[in-house]
Amino acid sequence: MSEPRLPLPPDAPIELLRQFRLQWEPAQQCYVLLYPEGMVQLRGGAGEIMKRVDGQASLHGIVADLQRAFPGADLRADVVDFLEVAHGKGWIRAGQHQ
Amino acid sequence: MEKDGSELASISNPLWLNAEITYKCPLHCVFCYNPVDYTRYGQELATEDWLRVFREARALGAVQLGLSGGEPLTRDDLEIMVREASGLGYYVNLITSGIGLNEKRIAAFKEGGLDQIQLSFQDSTRELNDFLSSTRTFELKSKVARLIKQYDYPMVLNVVLHRLNIDHVGQILEMAEVMGAEHVELANTQYYGWAFVNREHLLPSREQLERAEEVTNTFRARVGNAMKVYFVVPDYYADRPKKCVNGWGTTFLNVASDGVALPCHEARMLPGLSFPNVRDHDLRWIWHESPAFNAYRGVGWMKQPCRSCPERFKDFGGCRCQAYLLTGDAANADPVCSLSPHHGRVTTVVEKAQLPGERVPVRPLLFRGDRNSRQLSQ
Ligand code: SF4
Ligand code: SF4
């Protein structure tokens with residue numbers, strides 16, 4: 001991916017910015033990310049990653065959870081890649097330590 | 001064209017429902033995109049009809065809902081619509097001039113699940129804002145902007161740019177920053193409806209455009225990610241047309257205040273098509289089977305140069321309404337395209353816009369309003 005990326009700290013909780021909403025769309029058979037007057041369809045892996053962005057889980061936590069859900073593959077690099085691009089696009093941000 | 005089952009299956013779902021719930025509006029913008037003959041249209045749909053439209057479109061797959069107009073706040077059942085739409089799972093956008101929004105209403109919208117409010121501004125200065133919309137509304141809008149913040153909505157500002165305000169882009173952006181805007185759309189006027197009638201007054205010069213883009217880029221560099229600024233260039237200055245409504249009948253479904261369903265806001269002007277009304281048909285039939293929605297779907301209807309153009313799937317030949325307005329035939333290439341034999345109709349207008357500002361356009365600036373609409377309907 002050649003999109004601008006923004007690194008994320010590994011242990012901070014990650015949250016969606018408040019104008020974004022993620023939901024499952026049966027008609028499109030995928031997750032969509034909704035925002036003012038726009039949307040992105042998140043197919044396959046992208047949806048699996050984004051649905052774990054809940055304002056609690058950190059980058060580490062999300063990778064670990066995906067590894068449990070899809071054992072056997074090494075997902076870390078792809079997940080970090082995707083989340084950094086999402087961060088670069090301004091969909092998500094690192095929250096505060098609680 | 002007969003549609004068989006297999007072709008039907010290839011029609012995509014509408015994703016975006018735009019509900020022009022009323023054409024009533026307290027403002028009189030000279031660039032208004034509403035049809036100039038709106039006073040001719042029949043009665044507005046009742047609340048229950050709109051709720052049914054929301055349900056039917058949602059079942060077809062629509063997920064973004066725009067509540068627009070006119071000024072949607074002139075309807076006192078907007079709260080009911082917001083609640084129902086939000087319950088159905090729409091991302092609900094209110095597209096408003098802000099006139100009529102008070103604390104009681106915004107509290108009800110928040111509680112009902114409204115997702116965002118897009119507030120339009122005509123300019124950063126009170127004088128021009130009020131002149132261009134022919135009202136005294138700037139103070140009111142600033143108050144509304146504060147309400148939007150107070151209720152923790154993202155601040156999305158929309159400013160329509162044109163010859164008379166484009167030199168103020170710097171001030172407009174500063175105003176947006178002071179208001180704490182998160183998204184700012186600097187949308188150059190699109191020449192339909194009232195804006196088409198006022199085109200000579202509104203089309204900026206190339207130099208104005210370039211300066212405005214420069215100012216915008218400098219501003220972007222300074223604020224970074226804190227504010228997203230979109231700058232939409234007028235397509236008259238492009239040499240390829242926009243992919244209008246993402247392709248006719250692919251994504252966008254507009255329902256006008258009187259229930260007429262359209263593949264774009266402007267399509268009602270096209271001759272020879274009879275657009276179905278949601279009072280007579282359900283949306284599934286309208287979207288998939290009505291002749292009007294199939295008229296310009298895909299590429300089968302195209303003439304040359306589009307028909308054999310390698311770019312035809314990229315822009316679907318541009319905008320049907322612009323083709324009709326400027327060439328008299330909606331099946332022609334959008335004349336914004338430099339490959340169109342009618343491209344000269346765009347360039348002549350553009351060349352005229354390079355003349356100094358004092359040139360006297362033939363007709364006076366026409367404000368949107370019922371009287372002018374009745375006159376233009378004759
Ligand atoms: S553009 Fe202006 S006049 Fe037209 S509907 Fe919007 S606010 Fe009203
Ligand atoms: S000729 Fe038609 S299809 Fe080709 S670029 Fe121009 S408008 Fe698009």
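Values for this structure:
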quantity	calculated
Ratio Rg/Rh [Cα only; Rh per Kirkwood] for the protein assembly as shown	0.96
Dipole magnitude (debye, nearest 20) for the protein assembly as shown, charges at Cβ of Lys, Arg, Asp, Glu	500
Relative packing of peptides B:64-71, B:245-252, B:214-221 - highest average C-beta neighbours within 10 Å first	B:64-71, B:245-252, B:214-221
Check: chain B dipole with +1 on Lys, Arg Cβ and -1 on Asp, Glu Cβ, in debye	360
Reach of B:LYS104 by Cα under 17 Å, taken over lysines that are not fewer than 8 positions away in the same chain	B:LYS141, B:LYS143, B:LYS149
Rg/Rh ratio calculated on Cα atoms of segment A:14-90 (Kirkwood radius)	0.96
Length-normalised contact order of chain B in % [C-alpha pairs under 8 Å, at least 6 apart]	20
Order of B:MET81, B:MET175 - criterion: other Cβ atoms within 10 Å of each residue's Cβ, fewest first	B:MET175, B:MET81
Set of lysines near B:LYS314 by C-alpha distance (under 29 Å), chain-local residues within fewer than 8 positions excluded	A:LYS89, B:LYS3, B:LYS228, B:LYS242, B:LYS243, B:LYS303
Estimated translational D of chain B in µm²/s (Stokes, Kirkwood radius over Cα pairs; 4 °C; 1.567 mPa s)	60
Inter-part distance where segment B:248-320 and segment B:36-82 are each reduced to a Cα centre, Å	19
Karplus-derived HN-Hα couplings along segment A:20-32 (A = 6.51, B = -1.76, C = 1.60, θ = phi - 60°), whole Hz, x at Gly and Pro	9, 9, 9, 8, 7, 10, x, 5, 9, 6, 6, 6, 10
Spatial separation of Cα centroids for segment B:322-344 and segment A:42-57, in angstrom	45
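Here, each number is a calculation from the coordinates, and none is a lab measurement. Everything numeric here is computed off the predicted structure, so don't read it as measured data. A quick note on method: Cβ atoms are made from the backbone with ideal geometry, for glycine too, and the neighbour counts reach across all protein chains shown.
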